[in-house]
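What follows is a single structure, written as structure tokens, with notes after it.
The values are calculated or read from the model by the stated rules, or taken from the named source; none is laboratory data. Keep in mind that what you see is a predicted model, and the values were worked out from it rather than measured. Here Cβ is always computed from backbone atoms with ideal geometry, including for glycine, and neighbour counts include all displayed protein chains.
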Amino acid sequence: MESSRMGSINSTSSGNAYELNAIAMTVIGGISMEGGKGRMSGALFGMLILGIINNMITLLGVNVYLINAFKGIIIIAAVLLQRKDREL
């Protein structure tokens, strides 16, 4: 996928920072950070939502460095919401 998008691939940097995307997608999809709880449909929903958010941020012309900060804020907010639900 990456080589078709970029026209080439570099083995030293291929897949860099994808773990932040993976964590954000699963947390947005409702999969528990503690493990053992979640559905594949939730992960797919999270992937769709994060893709839409990434596209909107890019179209708005937000600085590239702020995009990862925004993803971090999404992860923190989702974890806090999961903790709140667990405490209730």
Please work out if Gly38 is of a type outside the set (A, V, I, L, M), at pLDDT 85 or above and not in a helix (DSSP H, G or I). no
Just a yes or no: is a residue in the stretch 12-27 modelled with pLDDT under 80, surrounded by 11 or more Cβ atoms within 10 Å (Cβ to Cβ) and touching a helix residue (DSSP H, G or I) at 6+ places or on another chain (Cβ under 7 Å)? yes
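I need a count of the residues in the stretch 26-35 that are part of a loop (DSSP other than H, G, I, E, B) and either touching a residue at least 40 places away in the same chain (Cβ under 8 Å) or closer than 19 Å to Ile74 by Cβ (or both).
6
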Within the stretch 16-25, count every residue that is part of a loop (DSSP other than H, G, I, E, B) and either within 12 Å of Ile75 (Cβ to Cβ) or in contact (Cβ under 8 Å) with a residue 12 or more places away in the chain (or both). 1
Scan of the stretch 41-88 for residues that are modelled with pLDDT of 80 or more, exposed (fewer than 10 other Cβ atoms within 10 Å of the Cβ) and outside any helix (DSSP H, G or I), ordered by number: Leu60, Gly61, Asn63
